[in-house]
């Protein structure tokens with residue numbers, strides 16, 4: 001094969017440190033999501049959707065062949081955290097949590113994921129972030145230690 005193909009779709013989830021609701025202000029949240037989308041584009045990782053609520057984000061994107069998942073998430077968090085603090089949103093103590101979840105999805109599951117990400121505010125009236133993460137981990141058969149899951 002003379003070309004390389006790697007259509008890897010990801011669902012990435014990470015929270016603010018200790019799930020502090022830094023993103024309560026909807027305008028700030030919208031701007032953070034937009035910044036994450038633009039950063040993904042700059043990394044050549046096509047953003048399908050970025051969304052979330054006051055204490056966490058969900059990202060649906062296609063991974064660039066030049067990036068690893070860990071480098072992508074590290075750089076997204078680092079750049080967005082700096083941007084948030086530099087913009088002076090009264091969030092100088094803002095931090096993202098240390099960990100993250102990154103789940104591969106098939107193209108056939110992309111449309112339902114985009115709907116899921118768009119409906120996060122409604123979704124989280126019924127399910128906490130912690131329960132959501134546990135459910136995702138069970139769905140993807142990921143073993144985890146509850147004592148080390150949260151920061």
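The values are calculated or read from the model by the stated rules, or taken from the named source; none is laboratory data. Every value quoted in this text rests on a predicted model; they were computed, and no experiment measured them. In this analysis, Cβ positions are derived from the backbone assuming ideal geometry, glycine residues included, and neighbour counts consider all displayed protein chains.
A few remarks follow.
- Meets criteria (out of contact with any helix residue (DSSP H, G or I) (no Cβ under 8 Å at 6 or more places or on another chain), crowded, with 20+ Cβ neighbours inside 10 Å and under 26 Å from residue 131 (Cα atoms)) for residue 73: yes
- Qualifying position, being under 16 Å from residue 12 (Cβ atoms), surrounded by 15 or more Cβ atoms within 10 Å (Cβ to Cβ) and more than 15 Å from the chain's Cα centre (by Cα), among 81, 64: 64
- If only residues of region 9-37 that are surrounded by fewer than 14 Cβ atoms within 10 Å (Cβ to Cβ) and at pLDDT 95 or above are counted, the one that is farthest from residue 66 (Cα to Cα) is 30.
- When each of 140, 116, 100 is tested for being more than 21 Å from residue 30 (Cβ to Cβ) and either in contact with a helix residue (DSSP H, G or I) (Cβ under 9 Å, 6 or more places away or on another chain) or in contact (Cβ under 8 Å) with a residue 60 or more places away in the chain (or both), the lone residue that passes is 100.
- For region 88-145, the helices (runs of 4 or more DSSP H) that sit wholly inside it and include 2 or more residues that are more than 20 Å from residue 33 (Cβ to Cβ) and at pLDDT below 95 are 129-139.
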